[in-house]
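A.B. asks: Provided herewith is a single structure, encoded as structure tokens, for subsequent inquiry.
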There are 2 protein chains.
Amino acid sequence: MDVKTLCLGILTFGDATGYEIRGYFEDGPFSHFFQAGFGSIYPALNKALGEGLVTCRAESQDGRPDKKIYALTPSGREHLTDDLSHVPADDKIRSEFLVTLFFAPYVSPQHLEDVYDLYLADFERNIEKMKNLTGGDIPGGVSGDIPAGQAFVREFGMHFYQSIGEFLRDNRARFIAGVEAGRSPKADPVQGGGA
Amino acid sequence: MDVKTLCLGILTFGDATGYEIRGYFEDGPFSHFFQAGFGSIYPALNKALGEGLVTCRAESQDGRPDKKIYALTPSGREHLTDDLSHVPADDKIRSEFLVTLFFAPYVSPQHLEDVYDLYLADFERNIEKMKNLTGGDIPGGVSGDIPAGQAFVREFGMHFYQSIGEFLRDNRARFIAGVEAGRSPKADPVQGGGA
DNA sequence: TTCGATATATATCAATTCGATATATATAAT
DNA sequence: ATTATATATATCGAATTGATATATATCGAA
């Protein structure tokens with residue numbers, strides 16, 4: 001499953017431009033479980049076009065580059081169902097935040113607290129973002145009557161942010177104290193008040 | 001923050017080969033928040049060697065290729081602390097599982113249940129894996145006295161698997177029923193009992 | 001009012017990462 | 001006897017990331 005397949009899936013909701021497709025990843029319903037930017041979306045659409053999975057019509061605009069509106073072909077729809085019939089690969093998670101905490105002795109106390117609080121703030125922001133993400137925000141979606149799969153994925157995201165956010169709040173003080181207690185004055189990678 | 005930095009971090013626990021480093025990602029303490037395979041680790045070590053961040057000594061073996069044992073240099077340690085002093089990038093998550101659920105109408109009922117149950121089984125397996133992951137399993141780590149940062153990251157992982165696992169179990173029936181209720185007999189992307 | 005930020009829209013490119021494959025042998029399990 | 005797993009390194013094409021380039025319009029702040 002690659003970005004191309006995701007684009008085909010998004011096109012089942014209706015014709016769209018590459019720019020609009022990015023919206024699904026940026027702040028849209030995919031943002032909490034799949035990331036993709038222009039650098040992967042545009043090549044994916046071009047490849048799909050070459051394979052006959054989508055069609056493309058251009059629409060002139062003033063000033064801006066022509067809009068290229070993509071539409072799913074029957075072959076593209078078939079490719080999507082084929083791909084979805086495979087067992088999905090394991091989740092891939094990359095958290096630089098947890099890397100930083102793992103190597104806490106090499107980070108200054110101040111930076112460690114900053115990093116923790118910025119991460120927590122991200123969680124609060126993501127919860128708000130998801131709350132406002134209903135059917136109406138899904139271009140081509142059905143307003144107020146979200147299909148079960150989409151609703152479940154959204155609830156999954158809400159639960160994730162709320163549960164992990166709570167864990168982060170509950171354990172902040174204990175974590176910071178534990179790291180500081182572990183810093184021995186000598187042979188310490190980072191000096192107590194240093195950079 | 002890239003795989004090279006992660007390798008430097010791992011080398012703070014002691015000298016190691018590329019093969020041993022991979023163990024940290026494969027089943028070790030990084031497995032739930034950072035993935036890296038040989039294809040990124042070996043090039044990363046070579047690059048680090050070229051930049052003087054690590055040294056390398058070869059050790060002959062019978063049959064197998066020579067062991068190449070890497071050791072952190074002061075410059076490498078400095079590179080690590082520099083990198084850790086930056087604000088970490090946002091978490092990147094890629095879940096093909098959630099993509100499959102999102103596009104549930106394009107998946108056969110049987111496959112959908114299989115996918116769900118396989119994913120749940122992965123969670124149970126990961127919880128067991130993390131339970132057995134103590135200081136002693138961290139090469140060079142201190143047995144029975146895990147540093148606070150490492151302990152926190154492990155607890156984070158445990159909490160994640162337990163909380164999300166519970167959500168998945170609690171909502172399985174409702175999700176499956178919701179998807180099936182949403183399948184209209186006509187204009188249905190996938191026939192009820194089909195492929 | 002002018003400056004910077006944001007939004008609209010596409011495209012490309014170097015660097016990084018992924019996933020598979022290749023090469024060998026030993027041992028453990030079926 | 002055969003298959004799978006473990007030890008160990010290396011490479012390569014394909015996919016992805018993150019930054020940059022190109023234009024214009026608008027909107028808010030200084």
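No value in this document is a laboratory result; all are computed from the given coordinates. Just so you know, these numbers come straight off a predicted model, no measurement behind them. All Cβ positions, even for glycine, are placed from backbone atoms using ideal geometry, and neighbour counts span all protein chains on display.
A.B. asks: Below 22 Å, Cα to Cα, which lysines can A:Lys68 reach? Residues fewer than 8 away in the same chain don't count.
C.D. replies: In chain and number order, the partners are A:Lys4, A:Lys47.
A.B. asks: Need one value for B:159-172: mean number of C-beta atoms belonging to other chains within 10 Å of its residues' C-beta atoms.
C.D. replies: The per-residue average across the peptide is 3.
A.B. asks: Might you report the magnitude of the Cβ-based charge dipole of the range A:3-84 about its Cα centre, with Lys and Arg at +1 and Asp and Glu at -1, to the nearest 20 debye? Intermediate results must be reported in sequence, preceding the final value.
C.D. replies: Values: 8 positive and 11 negative charges, 29 e Å.
Approximately 140 debye in magnitude.
A.B. asks: Sticking with this structure for a sec: Label point 7 Å out from B:Asp27 along Cα-to-Cβ: which residues of the range B:92-121 have amide N under 19 Å?
C.D. replies: Output list for this probe position: B:121.
A.B. asks: Taking beta carbons within 10 Å but only from partner chains, what does the mean come to for residues A:28-35? Show your work: numbers first, answer last.
C.D. replies: Working: counts 0, 1, 4, 1, 4, 9, 8, 5.
Across A:28-35, the average partner-chain Cβ count within 10 Å equals 4.
A.B. asks: When a/c is below 1.5 the answer is rounded, else prolate if a/b is larger than b/c, else oblate, so apply that to the range A:1-105 with a ≥ b ≥ c taken from the square roots of the Cα gyration tensor eigenvalues. Please list the in-between numbers first.
C.D. replies: Values: a/c = 2.94, a/b = 1.54, b/c = 1.91.
Verdict is oblate for the range A:1-105.
A.B. asks: Would you mind giving the mean number of other chain beta-carbons within 10 Å of the Cβ of each residue in B:108-118, as a whole number? All intermediate terms of the calculation are to be shown ahead of the outcome.
C.D. replies: Values: counts 3, 0, 0, 4, 2, 0, 1, 5, 1, 0, 2.
Across the residues of B:108-118, the mean count of other-chain Cβ atoms within 10 Å is 2.
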